[in-house]
1. Under 7 Å between Cβ atoms, at least 6 apart or on separate chains: pull out the pairs that start in the stretch 137-162 with a residue that is in contact (Cβ under 8 Å) with a residue 12 or more places away in the chain and crowded, with 22+ Cβ neighbours inside 10 Å and end on any residue that is outside any helix (DSSP H, G or I) and among the basic types (Lys, Arg).
2. Within the stretch 170-180, does at least one residue satisfy the condition of being modelled with pLDDT of 95 or more and at positive phi?
3. So which residues in the stretch 2-36 are at pLDDT below 85 and not in a loop (DSSP other than H, G, I, E, B)?
4. If I filter the stretch 182-211 down to residues being among the aliphatic types (A, V, I, L, M) and outside any helix (DSSP H, G or I), which single residue comes out as farthest from Gly129 (Cα to Cα)?
5. Could you say whether any residue in the stretch 143-159 is in the same structural domain as Leu262 (by TED's automatic domain parsing) and either of a type in the set (Val, Ile, Thr) or more than 28 Å from Thr264 (Cβ to Cβ) (or both)?
6. So how many residues does the stretch 265-283 have that are surrounded by 11 or more Cβ atoms within 10 Å (Cβ to Cβ) and closer than 15 Å to Glu133 by Cβ?
7. Working only within the stretch 138-174, note down all residues that are β-branched (Val, Ile, Thr) and touching a Leu at 6+ places or on another chain (Cβ under 6 Å).
8. Going through Gly25, Gly53, Gly99, Gly5 one at a time, which residue ends up being touching a helix residue (DSSP H, G or I) at 6+ places or on another chain (Cβ under 8 Å), surrounded by fewer than 16 Cβ atoms within 10 Å (Cβ to Cβ) and either in the same structural domain as Ala221 (by TED's automatic domain parsing) or not aliphatic (A, V, I, L, M) (or both)?
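The values are calculated or read from the model by the stated rules, or taken from the named source; none is laboratory data. Keep in mind it's a predicted model, so treat the numbers as computed, not measured. Here the Cβ positions follow ideal geometry from the backbone for every residue, glycine too, while neighbour counts run over all protein chains shown.
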Amino acid sequence: MAWTGSADAPLTARITALAPSLHPGERRVAEAIANDLSTAVERTAQEAAEAIGVGRATVVRTAQALGYEGYPQLRVAAARDLALRTTDASLLADGTILGSLRASSERFASRLGHTLSGLTEEGLQAFVGALDEAARVLVIANGLSSPLGLDLALRLNAAGRPAEHLSDALAQRIAARQLGADAVCLVVSGSGANETTLAAMTSAQASGCRVLAITSFAQSAVTDLADTALIVPAVNDTFQDELLHTSRAALMLVTEALVDALLTRRGDRGRDARASVLEVLGSSIRES
């Protein structure tokens, strides 16, 4: 599968999103590049092939799969990634817990641009439109993505877009199977491979409803099943790093922004919903 996101997307964001779908040789090339951008900038395609242990054609195919005309264009993209990164010195922790937290937050902030690099206006319009027009919305999320699903359902309800969220796996499948053609099943899955989530999506498909998904990887079982998928690349540099240091922060950031976009699309309905929420909040706050 080739890159179909924004032409301005950083190289490492493309690698993170596409690595699982690449052929083994291409995946080796992509991960080698992500692990050492500085070296990738300096190497020719032939030098990279010899160092990684693949053919030159594999290196060129990898560059093209990542959305570049060839390896020279990939080298330029690698140089751009390096130039835009926060310097290593600013990310060094000082040996304290607070210093470590500061370093982590600075690193995340330096890569926030990646969270939107796989999105297109066309995909967002289709996604938000389907969410707005559906007669019923069922939110499915499991594993590490489960808290995001609950948060998203609560935010949708507060936006005047009633949504359901069920934590039990069997209950998810039962509810999904009864959705029907005028409903939407909204899936949040960082990995795109959670078996419980996939089972619920299959049930939703059988009901005839539209399946929307928000996930981190461009090629996964979840994106294969979804009618419309938003790809939000992970904030880590490599697929391996994402497995070791799993984060759902980027996904949460995008889900919150999507609810704001839905509120804007709904116009007066959105404003009325927000006013109702503020009225409830106002009546529930008491001074000590």
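1. Sorted first by the residue in the stretch 137-162, then by its partner, the pairs are Val137/Arg161; Ser145/Arg248; Leu148/Arg248.
2. For the stretch 170-180, residues modelled with pLDDT of 95 or more and at positive phi: present.
3. Pro20
4. Let us first name the residues in the stretch 182-211 that are among the aliphatic types (A, V, I, L, M), namely 183-184, 186-188, 193, 198-201, 204, 206, 211.
Now restrict to residues that are outside any helix (DSSP H, G or I): 183-184, 186-188, 193, 211.
Numbers: Ala183: 12, Val184: 11, Leu186: 13, Val187: 16, Val188: 17, Ala193: 26, Val211: 13 Å.
Step by step, filter the stretch 182-211, then rank; the result is Ala193.
5. Yes: the stretch 143-159 contains one or more residues that are in the same structural domain as Leu262 (by TED's automatic domain parsing) and either of a type in the set (Val, Ile, Thr) or more than 28 Å from Thr264 (Cβ to Cβ) (or both).
6. Summing the residues that are surrounded by 11 or more Cβ atoms within 10 Å (Cβ to Cβ) and closer than 15 Å to Glu133 by Cβ in the stretch 265-283 gives 4.
7. Keep residues of the stretch 138-174 that are β-branched (Val, Ile, Thr), which gives 139-140, 174.
Hit for the stretch 138-174 is Val139, nothing else.
8. Values: Gly25 fails: surrounded by fewer than 16 Cβ atoms within 10 Å (Cβ to Cβ); Gly99 fails: touching a helix residue (DSSP H, G or I) at 6+ places or on another chain (Cβ under 8 Å); Gly5 fails: surrounded by fewer than 16 Cβ atoms within 10 Å (Cβ to Cβ).
After ruling out the rest, the residue left standing is Gly53.
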